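Structure first, commentary second.
The values are calculated or read from the model by the stated rules, or taken from the named source; none is laboratory data. Bear in mind the structure is a predicted one, so any value in this text is a computation, not a measurement. No Cβ is skipped: glycine too gets one built from the backbone with ideal geometry, and neighbour counts run over all protein chains shown.
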Amino acid sequence: MPKRGKKKEENGSGDETGPAPAKAAKAAPPLLYEDPPTREATPTGRRWTLKVTSWNVDGLRAWLKKGGAQWVQEEAPDVLCLQETKCPVSAVPAEVRALPGLPHQFWASAKDRPGYSGVGLLARTEPLNVTYGIGDPEHDADGRVVTAEFPSLFVVSAYVPNAGRGLARLEPRLRFDSAFLAFLKRLDAQKPVLLCGDLNVAHAEIDLCHPRANKSNPGFTPQEREGFTRLLDSGFVDTFRHLYPEARGAFTFWTYLGGARARNVGWRLDYAVVSQSYEACSEAAAWLLARLREPPRVALVCGSGLGALAQELRDPQSFDYAEIPHFPRSTVQGHAGRLVVGRLGSAPCAVLQGRFHLYEGYSPAQVVVPIRALALAGVHTLVLTNAAGSLRPGLGPGHLLVIRDHIDMAGLAGRSPLVGPNDDRFGPRFPSMTEAYDPGLRRLALSLAPKELRASPGVYVGVGGPSYETPAECRLLRALGADAVGEGGETQNDPEIAPK
């Protein structure tokens, strides 16, 4: 739920609002997407089984005066996460204690600072276990985190520290980010995690109204944004951005000053972040198998301009990526964003018309979801293609490079999809990469390729993109032994299918 606003010095976003009028006009923010609280089914038709609501209340008592309790009764969540309660545990109002349907209540408050910070987690059913804090003495006295363990997941209610006016508290904030991520990883190694709360960061430029004016302000510094990126890279998903990747003006905070809310000059600081788990890939696989006439055995990932291969399939079935549960959505021009399944010759094949890239804002864990899902659906052979840039003299336009090995620059920088807790159901912790590309398939490709393609083996290097490489970068990559370069989709996908 949107926060009602904070003082300028507490958020650092007041510079974007302009002079404050004597009294700001009240206006509701625009309707940006159809997602009413009464929705009882996912976009794919599955009925929800657990309803979780999160709200930075900016003070429990003030929240009650504004009708917060009545709204909760109408919403009827199974779990309610509250942040910035600004209330000692002993002083939680009786009206909140008596909220119908939420008898199991767990509160944390700052030990020596009344009226500061504080979080709550209220549940319809009793959790298996509840913990307070993140196991770090530097931060646990502020009452910022409550975690409830349920049979199938952890729910975390969190209020992340603000970096403070003039970034005076940036270093403690960054230490919190590091310790909090380690805490979430420990939970994720046990069962899926749902993190709800005010994370005090606008992750991307789309997540605030005036990004350029706020790059040095708390909540939008490069360090804080990188901290959130590390969270996503560790196998977690920003659920709002997953569902609405291009929605603008979707904010949860507006300063009190300058009529910011009336003009929708705000920030998206509040999130629901979930584990990108085995279960998500399994659900995508089950969704496909329930609709396919036969399961695929081979998957072909088509890069830019190569998706027409799907036209060669017999008896095709075609699905938009947006239809398939947990699939990312392709945002690259020239990528159709469809999965087409049919027979190519005698083989049941799945052709992916377009892939996903780190430069689109997806984490490594998100990039590999389609490959993992297809592996669970029965695929045992993966063919990766792309239109790459040549680094080797004599390797020209239209020539075919059969990859014998690769250099994964993103992986070397720590952005491999294998980073994080290992799920043995996907494969071993340390898959062998000695022969990542099947020698038999490579020989077959070289022997069958038409002569005019001038097929040859070589080494592919994947980089982050999206900009093309400079001449100096090309010389460096060539010196490393690469024959062709592209934006990383292949090297991010391949380690996931190799163990299969």
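Filter the stretch 64-82 for residues that are touching a residue at least 24 places away in the same chain (Cβ under 8 Å) and over 30 Å from the mean Cα position of the chain (by Cα) and give the result.
LEU64, LYS66, ALA69, GLN73
Kindly indicate whether ALA148 is assigned to a strand (DSSP E or B) and small (Gly, Ala, Ser).
It is true that ALA148 is assigned to a strand (DSSP E or B) and small (Gly, Ala, Ser).
If the requirement is being in the same structural domain as ASP112 (by TED's automatic domain parsing), β-branched (Val, Ile, Thr), surrounded by 13 or more Cβ atoms within 10 Å (Cβ to Cβ) and within 18 Å of VAL274 (Cβ to Cβ), which of these qualifies: VAL92, VAL72, VAL52? It would help to see each step written out before you state the result.
Numbers: VAL92 fails: within 18 Å of VAL274 (Cβ to Cβ); VAL72 fails: within 18 Å of VAL274 (Cβ to Cβ).
Exactly one of VAL92, VAL72, VAL52 is in the same structural domain as ASP112 (by TED's automatic domain parsing), β-branched (Val, Ile, Thr), surrounded by 13 or more Cβ atoms within 10 Å (Cβ to Cβ) and within 18 Å of VAL274 (Cβ to Cβ), namely VAL52.
Given the condition within 23 Å of ASP188 (Cα to Cα) and not in a loop (DSSP other than H, G, I, E, B), answer yes or no: does some residue in the stretch 82-100 qualify?
Among the residues of the stretch 82-100, at least one is within 23 Å of ASP188 (Cα to Cα) and not in a loop (DSSP other than H, G, I, E, B), which makes the answer yes.
Could you tell me whether any residue of the stretch 470-485 is among the small types (Gly, Ala, Ser), modelled with pLDDT under 95 and either farther than 14 Å from ARG392 by Cβ or not assigned by TED's automatic domain parsing to the domain that holds ASN386 (or both)?
No; the residues of the stretch 470-485 include none that is among the small types (Gly, Ala, Ser), modelled with pLDDT under 95 and either farther than 14 Å from ARG392 by Cβ or not assigned by TED's automatic domain parsing to the domain that holds ASN386 (or both).
Read through the list (1) under 23 Å from ILE324 (Cα atoms); (2) in the same structural domain as CYS81 (by TED's automatic domain parsing); (3) touching a strand residue (DSSP E or B) at 6+ places or on another chain (Cβ under 9 Å); (4) among the small types (Gly, Ala, Ser), then give the number of the only condition that ALA247 fails.
(3)
Check ALA299, ALA272 and return the single one that is closer than 25 Å to VAL155 by Cβ and at pLDDT 90 or above.
None of the other options fit; the residue is ALA272.
Would you tally the residues in the stretch 163-221 being small (Gly, Ala, Ser), without any contact (Cβ under 8 Å) to a residue 40 or more places away in the chain and in contact with a strand residue (DSSP E or B) (Cβ under 9 Å, 6 or more places away or on another chain)?
Looking only at that region, the number is 0.
Does SER318 satisfy the criteria of being among the hydroxyl-bearing types (Ser, Thr, Tyr), free of Cβ contacts under 8 Å to residues at least 12 places away in the same chain and surrounded by fewer than 17 Cβ atoms within 10 Å (Cβ to Cβ)? Please lay out each step first, then the result.
Numbers: among the hydroxyl-bearing types (Ser, Thr, Tyr): yes; free of Cβ contacts under 8 Å to residues at least 12 places away in the same chain: no; surrounded by fewer than 17 Cβ atoms within 10 Å (Cβ to Cβ): yes.
When the stated conditions are applied, SER318 does not pass them.
Read through the list (1) at negative phi; (2) part of a loop (DSSP other than H, G, I, E, B); (3) surrounded by 13 or more Cβ atoms within 10 Å (Cβ to Cβ), then give the number of the only condition that PHE106 fails.
For PHE106, the exception is condition (2).
Taking the conditions exactly as written (at pLDDT 95 or above and of a type in the set (D, E, K, R)), does ARG443 satisfy them or not? Walk me through how you get there before you give the answer.
Numbers: at pLDDT 95 or above: yes; of a type in the set (D, E, K, R): yes.
Yes: the conditions hold for ARG443.
Need the failing condition index for ARG297 against (1) touching a residue at least 40 places away in the same chain (Cβ under 8 Å); (2) of a type in the set (Lys, Arg); (3) within 30 Å of LEU194 (Cα to Cα), just the number.
(3)
Considering PHE356, PHE327, which residue is aromatic (Phe, Trp, Tyr), in contact (Cβ under 8 Å) with a residue 60 or more places away in the chain and buried (at least 23 other Cβ atoms within 10 Å of the Cβ)?
Answer to the selection: PHE356.
Which one of ARG443, ARG454 is at positive phi and surrounded by fewer than 16 Cβ atoms within 10 Å (Cβ to Cβ)? Before the answer, list the steps.
Numbers: ARG443 fails: at positive phi.
When all the criteria are applied, what remains is ARG454.
Here is a check on your reading of the model: is VAL341 buried (at least 22 other Cβ atoms within 10 Å of the Cβ) and touching a helix residue (DSSP H, G or I) at 6+ places or on another chain (Cβ under 6 Å)?
Considered against the rule, which asks whether it is buried (at least 22 other Cβ atoms within 10 Å of the Cβ) and touching a helix residue (DSSP H, G or I) at 6+ places or on another chain (Cβ under 6 Å), VAL341 comes out as no.
Testing HIS242 on (1) crowded, with 20+ Cβ neighbours inside 10 Å; (2) within 18 Å of the chain's Cα centre (by Cα), one condition comes back false. Which one is that?
For HIS242, the exception is condition (1).
Applying the selection to the stretch 111-126, what residues are assigned to a loop (DSSP other than H, G, I, E, B) and either at positive phi or within 26 Å of the chain's Cα centre (by Cα) (or both)?
GLY115, SER117, GLY118
May I ask you to list the residues in the stretch 377-414 that are out of contact with any Leu (no Cβ under 8 Å at 6 or more places or on another chain), without any contact (Cβ under 8 Å) to a residue 60 or more places away in the chain and part of a strand (DSSP E or B)?
Within the stretch 377-414, ARG404, ASP405 meet the criteria.
Tally time: how many residues in the stretch 350-406 are closer than 30 Å to HIS203 by Cα and among the hydroxyl-bearing types (Ser, Thr, Tyr)?
The number of residues fulfilling the criteria is 3.
State which residue is surrounded by the fewest Cβ atoms within 10 Å (Cβ to Cβ) when the search covers only the stretch 415-437 and only residues that are free of Cβ contacts under 8 Å to residues at least 40 places away in the same chain and under 24 Å from LEU400 (Cβ atoms).
Here the answer is THR434.
Could you list, in sequence order, the residues of the stretch 137-149 that are surrounded by fewer than 16 Cβ atoms within 10 Å (Cβ to Cβ) and either among the charged types (D, E, K, R) or not assigned by TED's automatic domain parsing to the domain that holds GLU75 (or both)?
Scanning the stretch 137-149 gives a single hit, GLU138.
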